[in-house]
Structures are given as C-alpha cells and as structure tokens.
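Scroll down for the structure; my scribbles are underneath it.
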Amino acid sequence: MRVGHNPHKDQLLSAPDYLHQVVIPVYIPHQEDYFKDSFRILQLCINSLVATVHAKTCISIVNNGSCDDVKIYLNELYEQKLIQELIHTENIGKLNAVLKGIAGNAIPLVTIADADVLFLNSWQSETTKIFNQVPQAGVVGIAPQFKMYEGHCGNVLLANLFNGKMCFSPVKNQEALIRFYHSIGWDRNYNQDYLKYNLSLTINPDLKVLIGSGHFVATYKKDVFENIVSYIGYKMGGDSEGYLDKLPLEKDYWRLTTQDNYAFHMGNVHEDWMVVPAKNELKVDFPTINFSKRKPINTVVYFVKNRLFVKFLSFGWLNTLFLRCKKLPKHMIKRY
C-alpha cells in the first residue's frame, strides 16, 4: 500500500550545472593476454582526464562487464568524487554502454572516448572554441589522422568546395601523427605524404580546423542524440560502427578536428612515454555555451550531400581535380 504523497512528485528538475560530459565505456574482463596492461592503461586514461577538465565536467564511466579489480577501482573513484556517474552492467556491447551513459541529462556537449585515451592539457578549451566559433560543427575530434575528410564529410566538402579557405595545409604535429599509427599497430610503410599535408578549413585568422574526425575520442553536440535507439545488436562492429557517424549528418552537422594534437591513443600495451599530463592550471571563466537545436534535414538533401556528391568525388579524374584545386602539392597528387 501507499500512504501519503511523494514530496518530489511534479517537481521540475533544475537546469544542469555541467557544461560538458565525458562518457567512457570500460570492458576489461580479465588481466591476461590481450588485456594484460589494460587496467594500467585505464588508470592513465582516467587520471589524465581528471587532470585536464574544468569543474563543470561530468565524467560518466560505464563498466561494461569488467573484472572485479576494475569494478573496485571504479567504485573508489566514484566514492572519492573523482567521477560523477558510474554505471555497472554486464557486457552489453560498446555502443549500448555509450548510449546508457549519454541518456538522462541535458548537458550541451558530450565527449565519447575509448578507455585507452590519454588526454592532454587544453583539449577541452580547444574543443569548445571550435563549437563556439563554427555553428555548423556537430562533431569535434582532438587527434588528427590521415585523410579524415574521406569519412562522412560530404556536407562539409560540398559547402566549402569553392571556398579558398578550405585547402591542404602542412601537418602541425607530425610526431603525434606517427605515434597514433604506431599505437594501432601500423608499420611505417604507409604513404609518407600523409604526414605532410591534411585538408584544413580556416575559420578566422586565429582558428584553423581539419576536415573530418576519428572515432576513438570525439565530442558531440548533445542535440545530435535527441532521438537515439535503445539497443544495438552487436558487441562491436556490425551496423554499430556507422551509427554515431550518421546521426550528425541527419542534422547537417560537420565533422571537424583540432589542427594540433590534444590526445594520444595508448592501445593495449603500456609504454614508457605514457605520462599523465600535469594538472591544467589555466583558470579562466567557464565558456558560454548556447547551442540552438537543429531539425533533421530533408532526405533528398541528405542523399545529395552525403551519397551522391561523395560518389562523384570518388571518381579518379574528379578526385585529382579536387586535390589540385585544394592546393595539394603537384608531386603528391598521383599517390595521395
């Protein structure tokens, strides 16, 4: 039976005090073989995150069926208030774990990161700067990679096709780019020209961004997730891979990345270079974030920008013309 009236019934929730959420799904089932160093790397990841975010950041960890040692560690972080949300589940798949972390709040920005990301100082301020100065930005990465413009960027490319501010420019941090591809197990036999130029867009004299974004760490406008599915039927891979890529395009948002590198991918093997950044001592006013929501674009417009135009651009001679018009050095065009 029920007696009395619940004092919280019909009370409105207060506006969120957080400006930025970081969601990290964690799956470390044991500490052997592939996962031998994963717990140590997770600790580096979280320590670097805590050291580099402002006080209005909500850190949400989703324990996706990890072993007891990891579970105890995460519980301690929560009890110490180093993280703000902790969800324990069985292994429900990476994307389902991410969706659990995203749901249930109205925080304007949400970063989705793997549990092997080493965050560097200023990553958060540089990310917010792009969102504030580029209204079309819906996804912002912090780790440049090769030829990012070839993935889910048809709308950005078409919008700036005849814009002289979009062109190939010298890579700002070659060492970080090399380190990323080492972290995912690549040999150095890839095209070395990829280390020299990437496709960029000049926003103003003080801000240049790269076209496209990778997946292991990226920040999204929250309204990208206004309508999300409740379940994805894969632990990894399958149609889960493209789900987060398609959502921003449905609202015609651009994928962009910071010109410099603000995070490292550590992988599953601990190495000596992995050092947690010092506490970010830069104290400034919290950024003003006032993003208006967008409605989904017409399906015909979506098709033209993200399917038809991309198909045309993939034709050999049109791709060559694009590279030439966007000022890739002539001697690189044939092999780029």
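Things to note:
- Residue, nearest to residue 196 (Cα to Cα), within region 244-264, restricted to residues that are touching a Leu at 6+ places or on another chain (Cβ under 8 Å) and modelled with pLDDT of 95 or more: 259
- Qualifying residue in region 75-83 (condition: assigned to a loop (DSSP other than H, G, I, E, B), out of contact with any Asp or Glu (no Cβ under 7 Å at 6 or more places or on another chain), free of Cβ contacts under 8 Å to residues at least 24 places away in the same chain and not small (Gly, Ala, Ser)): yes
Every residue, every condition in (1) at pLDDT 95 or above; (2) loosely packed, with under 15 Cβ neighbours inside 10 Å; (3) in contact with a helix residue (DSSP H, G or I) (Cβ under 6 Å, 6 or more places away or on another chain), yes or no:
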{"site": "179", "(1), (2), (3)": "yes, no, no"}
{"site": "192", "(1), (2), (3)": "yes, yes, no"}
{"site": "196", "(1), (2), (3)": "yes, no, no"}
{"site": "227", "(1), (2), (3)": "no, yes, no"}
{"site": "235", "(1), (2), (3)": "no, no, no"}
{"site": "242", "(1), (2), (3)": "no, yes, no"}
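- If the condition is being among the small types (Gly, Ala, Ser) and surrounded by fewer than 18 Cβ atoms within 10 Å (Cβ to Cβ), then region 83-130 contributes 103, 104, 106, 122, 125.
- Test: residue in region 132-155 that is out of contact with any Asp or Glu (no Cβ under 6 Å at 6 or more places or on another chain), within 19 Å of residue 57 (Cα to Cα) and part of a helix (DSSP H, G or I): yes
- In region 84-124, the residues that are of a type outside the set (S, T, N, Q), in a loop (DSSP other than H, G, I, E, B) and more than 30 Å from residue 259 (Cβ to Cβ): 90, 92, 93, 103, 104, 106
- Selected residue (criterion: farthest from the chain's Cα centre (by Cα)) from residues of region 25-43 that are part of a helix (DSSP H, G or I) and crowded, with 21+ Cβ neighbours inside 10 Å: 38
- Scoring residue 135 on the criteria (1) free of Cβ contacts under 8 Å to residues at least 40 places away in the same chain; (2) on the phi > 0 side of the Ramachandran plot leaves a single failure, condition (2).
- Residues that are within 19 Å of the chain's Cα centre (by Cα) and either of a type in the set (Asp, Glu) or under 17 Å from residue 265 (Cα atoms) (or both), drawn from region 52-84: 52
- Meets criteria (among the aromatic types (Phe, Trp, Tyr), surrounded by fewer than 15 Cβ atoms within 10 Å (Cβ to Cβ) and either touching a Phe, Trp or Tyr at 6+ places or on another chain (Cβ under 8 Å) or not in a loop (DSSP other than H, G, I, E, B) (or both)) for residue 220: no
- Annotation note: Cβ proximity below 6 Å between a residue of region 256-275 that is closer than 21 Å to residue 35 by Cβ and of a type in the set (Val, Ile, Thr) and a residue that is part of a loop (DSSP other than H, G, I, E, B) and at pLDDT 95 or above (sequence gap 6+ or interchain) occurs for 269/37.
- Sole residue being of a type outside the set (A, V, I, L, M), touching a Lys or Arg at 6+ places or on another chain (Cβ under 7 Å) and either in contact (Cβ under 8 Å) with a residue 60 or more places away in the chain or over 28 Å from residue 292 (Cα atoms) (or both), chosen from 63, 96: 63
- Scanning region 258-278 for residues that are assigned to a loop (DSSP other than H, G, I, E, B) and either farther than 24 Å from residue 213 by Cα or of a type in the set (A, V, I, L, M) (or both) yields 266, 269, 270, 271, 272, 273, 274, 275, 276, 278.
The values are calculated or read from the model by the stated rules, or taken from the named source; none is laboratory data. Computed from a predicted model, the values in this text were never measured in an experiment. Cβ: placed from backbone, ideal geometry, glycine included. Neighbour counts: every protein chain shown.
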